[in-house]
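Encoded as structure tokens, the structure appears first; notes follow it.
The values are calculated or read from the model by the stated rules, or taken from the named source; none is laboratory data. Quick caveat, the model's predicted, so the values are computed rather than measured. Note: ideal-geometry Cβ built from the backbone for every residue, glycine included; neighbour counts use all protein chains shown. Surface accessibility is based on the protein's heavy atoms, side chains included, excluding ligands, DNA and RNA. Shrake-Rupley method; radii C 1.70, N 1.55, O 1.52, S 1.80 Å.
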Amino acid sequence: MIVPEYWAEAKERVVVNGKARTYKRFGWSDESEDDAYRKAQERLADVIVMVRRGEKVRLVDHKTAYNGAEGLPIREEIISRRGDAVITRNGYGAACLNTPDVMFADVDVDEPSSARYGWTIFGLALLASLWTRHNWAGNGEVLSWILLATALFLSAPLGKLIHRVAGLFSVNPYDAALARIETFTQKDRLALVRIYRTPNGFRVLAMHDTFEPDGRGAQSFMRGVGGDPLYAQMCRNQKCFRARLSPKPWRIGIEEHMRPRPGVWPISEERLPDRRRWIRRYETVAANYAACRYEKTVGDGRSIRKCEDIRRLHDDLCRATYDLPIA
């Protein structure tokens with residue numbers, strides 16, 4: 001896991017085949033900004049060599065904070081360090097816990113929507129309307145318009161009605177997801193996990209052991225509990241596990257984006273006051289919400305000290321045991 005303290009950018013204008021282009025690359029360091037700039041120059045020098053060889057190279061690093069697919073370090077502001085865990089602020093302003101070996105798994109729950117039923121009804125009505133127009137003589141065109149108009153007004157309420165009725169006869173998707181986590185955990189007599197409810201599913205914290213994010217054990221566990229594949233991929237690429245510690249701004253009524261946009265670290269000194277004003281407002285509102293809520297502990301294993309230390313930090317900063325709405 002690499003979450004650098006210092007960032008710097010180097011740039012150079014290059015003329016190839018009569019065309020001038022400016023290439024830029026970031027460098028990073030935990031030692032100093034000068035060391036970060038030296039590494040940026042080294043990365044840029046490699047790029048220039050590739051350009052002069054005629055290879056196709058993009059002009060700048062992608063402006064992405066959590067850039068696992070690129071193999072770059074996490075480009076986020078460091079709020080604090082706790083041992084080898086790092087708390088950062090992500091691109092939309094929330095605080096995130098990054099750990100090199102204490103495993104979190106993210107389990108999303110796909111809850112059926114009434115809109116799906118409504119659109120299905122509308123689609124069937126549209127097909128019926130088209131069929132009527134082309135196959136019925138006489139008043140076929142009038143009838144087709146009546147069918148279409150009726151569908152426009154009734155598809156949404158009928159979709160909601162079907163959604164409610166279907167819910168009476170189907171398994172609650174949250175109960176099903178929770179059962180899967182419990183069943184998988186109980187297969188291993190040494191396992192011990194804590195389960196937290198999130199706005200869209202569950203977060204699972206392994207308490208019985210540490211894991212390599214790109215190792216078979218972690219990836220197998222995340223698949224077994226029904227974890228989000230994208231989250232698992234980012235863990236592999238960035239070699240860290242990650243848990244959001246504070247609410248998503250739009251879930252707590254803050255529609256304005258963190259300034260400046262995009263909020264990818266680092267940003268220029270003159271734009272820091274705007275960012276800090278937004279953060280103060282966000283943190284004031286966020287204090288009334290939790291990022292997740294502790295549900296239960298599952299398994300017969302024993303917790304280890306490092307996982308317990310992360311658990312205390314996580315639960316405190318997430319307000320996981322508080323009676324607060326989750327967002």
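Taking amide H atoms as placed 1.01 Å from N in the peptide plane, list the residues 5 or more away in sequence, or in a different chain, whose amide H sits under 5 Å from that of Glu212.
Ala218
Cα to Cα, under 16 Å, and not fewer than 8 places away if on the same chain: which lysines meet these conditions relative to Lys56?
Reachable lysines: Lys19, Lys24.
With the crude spin-label approximation of a point 7 Å out along Cα→Cβ, what separation in nm comes out for Gln41 versus Lys296?
In this crude spin-label approximation the distance works out to 6.0 nm.
Give me the percent of the accessible area of region 176-284 that comes from carbon and sulfur atoms, probe 1.4 Å, all protein chains in place.
Looking at region 176-284 in its full context, I get 47 percent from C and S.
Once each part is reduced to its C-alpha centroid, what is the distance from region 265-311 to region 182-213 in angstrom?
19 Å
Output the peptides 23-30, 282-289 sorted from most to least packed, where packing is the average of other Cβ atoms within 10 Å over each peptide's residues.
23-30, 282-289
How far, in nm, would the chain grow between Lys160 and Asp175 when pulled straight, counting 0.36 nm per residue and subtracting the alpha carbon separation?
My answer for the length gained is 3.3 nm.
Can you compute 3J(HN,Hα) from phi for each residue in region 87-93, using the Karplus curve 6.51 cos²θ - 1.76 cosθ + 1.60 with θ = phi - 60°, rounded to whole Hz and x for Gly and Pro?
9, 10, 10, 7, x, 10, x
Anything over 27 Å Cα to Cα? Flag those among Lys11/Lys239; Lys11/Lys248; Lys187/Lys296, in the order listed.
Values: Lys11/Lys239 29 Å; Lys11/Lys248 34 Å; Lys187/Lys296 17 Å.
The answer is Lys11/Lys239; Lys11/Lys248.
In units of 2.2 N^0.38 Å, what is the alpha-carbon radius of gyration of region 250-313?
On the way: Rg = 17.8 Å, N = 64, 2.2 N^0.38 = 10.7 Å.
Compactness ratio reported: 1.67.
Whenever you get a sec, line up Asp101, Asp323 from highest to lowest accessible area (probe 1.4 Å, protein heavy atoms).
Asp323, Asp101
Return, for the Cα atoms of region 189-260, the radius of gyration and Dmax in Å, separated by a comma.
According to the Cα coordinates of region 189-260, Rg and Dmax are 14.8, 49 Å.
Given 10 Å bins starting at zero, what is the percent of C-alpha pairs of region 201-325 in each, up to the one with the largest pair distance?
11, 32, 34, 20, 4, 0
Provide the gained length on full extension for the span Arg305 to Ile252, in nm with one decimal, where the gain is 0.36 nm per separating residue minus the Cα-Cα distance.
Gain on extension, Arg305 to Ile252, equals 15.7 nm.
Excluding residues fewer than 8 places away in the same chain, name every one of the aspartates and glutamates whose C-alpha is closer than 16 Å to that of Lys160.
Glu111
Working with all protein chains in place, sort Met207, Met234 by solvent-accessible area computed with a 1.4 Å probe, largest first.
Final ranking, largest accessible area leading: Met234, Met207.
Tell me, in nm to one decimal, what length is gained between Arg281 and Glu12 on full extension, where the rule is 0.36 nm per residue of separation less the Cα-Cα distance?
Length difference between fully extended and current span is 93.0 nm.
What FRET efficiency, computed as 1/(1 + (r/R0)^6) with R0 = 56 Å and r the Cβ-Cβ distance, is obtained for Asp188 and Val142, rounded to the nearest 0.05?
0.25
Read phi for every residue in region 196-209 and hand back ³J(HN,Hα) as whole Hz from Karplus 6.51 cos²θ - 1.76 cosθ + 1.60, θ = phi - 60°, with x for Gly and Pro.
10, 8, 10, x, 10, x, 9, 10, 10, 10, 7, 10, 8, 6
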